[in-house]
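Remarks on the structure that follows.
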Amino acid sequence: MKEKAYTLNDRKWRIIGIPLMGTVIAMMIAFEEFLKLSQHFFLSVLFSTLLTLTFWEGNRCIIIWMRRIFPEYGQTGRRVAAEAALAVAYVFLVSLLLDELYYKPVYHVSALAMGFRISIVPTVIVYLVYEAVYFFDAWKMNVRKTEALMRENVQSQLEVLKNQLDPHFLFNSMNTLAALIDDENTAAQDYLERLSDVYRYVLVSRNKNTVLLNEEIAFVDAYVYLNKIRFRENLRVEKHLSTTALGQYIAPLSLQMLIENAIKHNAASRENPLHIVIRDDSDGYLVVENNISEKTILEKSTRVGLQNIINRYSLLTDREVEVKREEARFVVKIPLLGQLTA
């Protein structure tokens with residue numbers, strides 16, 4: 001596909017700037033005639049405006065040419081250097097032609113040096129204006145690109161972290177297992193149905209960066225039900241959550257992972273049941289705490305749980321996940337979030 005040629009949208013600048021600059025230069029050269037508003041002054045304005053038009057349009061062509069060759073923000077130095085060299089050459093050439101075709105034939109004197117010095121003034125002004133605007137626009141574009149890349153990088157990191165929990169295989173396997181269970185075994189069917197509901201939620205929530213705490217609590221209730229089939233009253237989970245907290249957002253699966261870690265790393269017995277409390281505090285955190293009753297033989301860890309939560313929250317908010325191990329209790333505080341893009 002043919003690349004679109006670079007153009008300048010500077011029509012208003014030229015309509016206003018050329019006659020204005022021509023008038024200012026005429027005033028500088030013939031100030032006494034300006035005070036008198038003589039005919040000579042107005043002829044000087046016309047002559048200066050024509051010269052300004054010549055220098056402006058010529059240097060404008062150089063600017064467009066150089067921007068097509070060096071369009072990138074990082075090429076600013078080379079572009080400006082090339083423009084400066086070409087601009088000096090162009091101004092000298094026009095001044096030489098003006099000297100040979102006008103001053104020498106009419107006044108019989110050479111005004112090359114003076115003409116070059118005067119002509120370089122509008123040239124410098126034109127380049128300063130054009131390059132300042134172009135540099136600022138390029139800087140803004142570069143900032144937008146950098147911000148977009150940062151957002152994409154954050155999103156990709158979130159996807160990598162969430163993809164560590166891939167339930168497709170388990171979910172499909174459970175559907176197959178359900179077909180093999182005898183219809184009369186209702187307890188097994190109920191258990192498998194709840195388990196399927198849990199993984200269905202995982203499949204849905206994995207496409208979101210945040211979920212309502214109220215939704216996550218419903219999912220956790222199903223998850224706790226499955227574990228209580230195994231631990232019965234040896235596992236106790238209490239919830240003390242305000243209506244305000246239930247309307248806030250958290251990273252999906254984060255609450256479930258904290259409960260899973262508590263179950264994985266602590267023994268639960270009739271004499272010493274595992275007691276998990278879920279509550280919100282006045283600082284806008286969701287608090288999950290449990291009593292410590294470490295197993296003598298720890299279950300194999302996938303190293304996903306707590307570190308996954310810490311990593312995800314570091315990408316979602318500046319507020320940190322707080323982890324505290326006390327003498328008899330283990331406490332994790334995760335920030336409650338406002339609504340974020342899913």
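No lab work stands behind these numbers, since they all come straight from the coordinates. Everything quoted here is computed from the prediction, not taken from an experiment. For neighbour counting, all protein chains shown are included, and Cβ atoms are generated from backbone atoms with ideal geometry for every residue, glycine included.
Which aspartates and glutamates, on any chain, are close to Lys208 with Cα under 13 Å apart, when same-chain ones fewer than 8 places away are left out? Candidates past the 8-residue exclusion: Glu159, Glu216.
Please state the shape class of the range 208-335: rounded when a/c is under 1.5, otherwise prolate if a/b exceeds b/c and oblate if not, all from the C-alpha gyration tensor. Because a/c hits 1.5 or more and a/b exceeds b/c, the range 208-335 counts as prolate. The protection proxy used here, the mean number of other Cβ atoms lying within 10 Å of each residue, ranks peptides 132-138, 62-68 as follows, highest first: 62-68, 132-138.
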